[in-house]
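**Q** Questions regarding the structure given below will be posed in turn.
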Amino acid sequence: MKQYLDLCRRILDHGEPRADRTGTGTVSQFGAQLRFDLREGFPLVTTKKVLFAAVVRELLWFLRGATNIHDGLTEHTPIWDAWADEEGELGPIYGHQWRHWGGDGSVGGAGPGIDQLTAAIERVKSDPTSRRNIVSAWNVADLPAMALAPCHTLFQLYVAGDRLDLQLYQRSADMALGVPFNIASYALLLTLIANEAGLRPGYFVHTFGDAHIYSNHVEGLKIQLEREPHPLPTVKVPAKKPVLDVTFEDIELVDYVHHPFIRFAVAV
């Protein structure tokens, strides 16, 4: 995870002070990229504890197309609580766009909509050289109805021989709190899709728009940057199990050695 830590240092040393929607204030850099080879280990930050169980539960919630915090898997993690309405609803966010683009719950939507995710997985298997294998959460018509506009906006899949790569574009990136979680989430998504397709998970490429560190995260991040990273863990999943059939119990994190947890406040 050296490249993640190096980017955090670069933002602290050379980023620009910038106001933000939350009123917290940030130091920010525009345009950066990280590249992780999953054949060298699972890219889970070790210089602090990352709650991998929460990563898994949120991703499975997205995969089911869910948008309510009381819908099954999210009852075990409060990640989205701050943005939900009184009924627990978040509007047509990630899961809706991945599984039901343009369907019920969208502005003017009717019917089940377009299942981008299932189509992408099938395209990996049936048309591996496609340059159009993209899943987007940035539905312009639905943005006003979302509790929070998508930060990780779209991802693209790329097959090279027996290897599957995934590139994510993230328009807004909270480096201290959100990004370690995002890295793990999309690395896990890559692992699950590759597994179903009978491929090896290869490169996760993480491309950033506004990569920022909130002013109230600086001191905690400085503590983290003083720590020596541990070797990366691995993740085990059942061979060739379809992505949409995977359960929480199917995913096993192995040999995760980490430094103590650092608490960072969420900027809402």
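The values are calculated or read from the model by the stated rules, or taken from the named source; none is laboratory data. Everything numeric in this text was worked out from a predicted model, so none of it was measured. Neighbour counts run over all protein chains shown; Cβ positions are idealised from the backbone, glycine included. Heads up: the accessible areas ignore ligands, DNA and RNA and are worked out on the full protein's heavy atoms, side chains in. Shrake-Rupley method; radii C 1.70, N 1.55, O 1.52, S 1.80 Å.
**Q** Send over the Kirkwood Rh of the chain, from the inverse of the averaged 1/r over different Cα pairs, rounded to one decimal Å.
**A** Working: mean 1/r = 0.0525 Å⁻¹.
Over the chain, the inverse of the mean reciprocal pair distance is 19.1 Å.
**Q** P(r) tail for segment 41-103, what percent of Cα pairs lie past 15 Å? Could you put the intermediate results ahead of the total?
**A** On the way: 1036 of 1953 pairs.
Value for segment 41-103 (Cα pairs over 15 Å): 53 percent.
**Q** Consider just the alpha-carbon atoms of segment 100-215 and return their Rg together with their Dmax, both in angstrom.
**A** Cα radius of gyration and Dmax of segment 100-215 are 15.3, 47 Å respectively.
**Q** Another one. If we sort 4-13, 253-262, 59-68 on the protection proxy, mean other Cβ atoms within 10 Å, highest first, what's the order? Walk me through the numbers before you get to the answer.
**A** On the way: 4-13: 16.3, 253-262: 13.5, 59-68: 21.2.
Most protected by this proxy first, the peptides run 59-68, 4-13, 253-262.
**Q** Setting aside same-chain residues fewer than 8 positions from LYS2, which aspartates and glutamates have a Cα under 18 Å from its Cα?
**A** Of all the aspartates and glutamates, those that pass the test against LYS2 - Cα under 18 Å, at least 8 places apart if same chain - are ASP13, ASP37, GLU40, ASP174, GLU226, GLU228.
**Q** Among the aspartates and glutamates, which have Cα under 20 Å from the Cα of LYS240 when same-chain residues fewer than 8 positions away are ignored?
**A** GLU122, ASP127, ASP162, ASP165, GLU196, GLU249, ASP250, GLU252
**Q** Now for a different question. What helices does the chain have that are whole DSSP H segments, at least 27 Å long along their own axis by Cα, and with mean Kyte-Doolittle hydropathy of -0.5 or more?
**A** Details: long enough: 178-197 (29 Å, 1.16).
In the chain, the long hydrophobic H runs are 178-197.
**Q** Out of the total accessible area of segment 1-145 (probe 1.4 Å, heavy atoms of protein only), what percent is carbon and sulfur? Working shown, then result.
**A** Details: 3630 of 7190 Å².
It is 51 percent, rounded to a whole number.
**Q** If Lys and Arg each add +1 and Asp and Glu each add -1, what is the summed charge of the other residues whose beta carbon sits under 12 Å from the beta carbon of HIS259? Let's see the in-between values first.
**A** Details: positive: LYS48, LYS49, ARG227; negative: GLU226, GLU228.
Once positives and negatives cancel, what remains is +1.
**Q** Bin width 10 Å, alpha-carbon pairs only: give the P(r) of segment 1-138 as whole percents, running from 0 to the bin holding the largest distance.
**A** Percent of pairs per bin, in order: 10, 24, 35, 26, 4, 0.
**Q** Heavy-atom accessible area per residue, the chain, 1.4 Å probe: how many Å²? Mind showing how you got there, number by number?
**A** Working: 12270 Å² over 268 residues.
That works out to 46 Å² for each residue.
**Q** Can you show me the helix-derived [θ] at 222 nm for the chain, built from DSSP H runs with n ≥ 4 at -39,500 (n - 2.57) apiece and divided by the number of residues, rounded to the nearest 500.
**A** Values: 6 runs with 71 residues, N = 268.
That calculation yields -8000 deg cm²/dmol at 222 nm.
**Q** Still on this structure, please answer the following. Sequence-distant or interchain residues sharing an amide H contact under 5 Å with LEU164, placed H: which?
**A** Under 5 Å from the amide H of LEU164 lie the amide H atoms of ARG200, GLY202, each far enough along the sequence or on another chain.
**Q** Now a separate question. Among all stretches of the chain without exposed GluC sites (Glu not before Pro) (DSSP loop, at most 14 other Cβ atoms within 10 Å), which one is longest? Don't skip to the end; give the middle numbers.
**A** Values: sites that count: GLU86, GLU87, GLU226.
Maximal segment without exposed cleavage sites: 88-225.
**Q** Out of segment 167-238, which trypsin sites (Lys or Arg not before Pro) are coil in DSSP terms and have no more than 16 other C-beta atoms within 10 Å? Spell out each step's value before the answer.
**A** Values: sites: ARG171, LYS222, ARG227, LYS236; in loops: ARG227.
When the trypsin sites (Lys or Arg not before Pro) of segment 167-238 are filtered for loop state and at most 16 Cβ neighbours within 10 Å, ARG227 remain.
**Q** When only Cα pairs under 8 Å and 6 or more residues apart are kept, what is the percent relative contact order across the chain?
**A** Working: 520 pairs, mean separation 70.3, N = 268.
After rounding, I find 26 percent.
**Q** Please report the spacing between the Cα centers of segment 213-248 and segment 16-40 in Å, no decimals.
**A** Between the Cα centre of segment 213-248 and that of segment 16-40, the gap is 16 Å.
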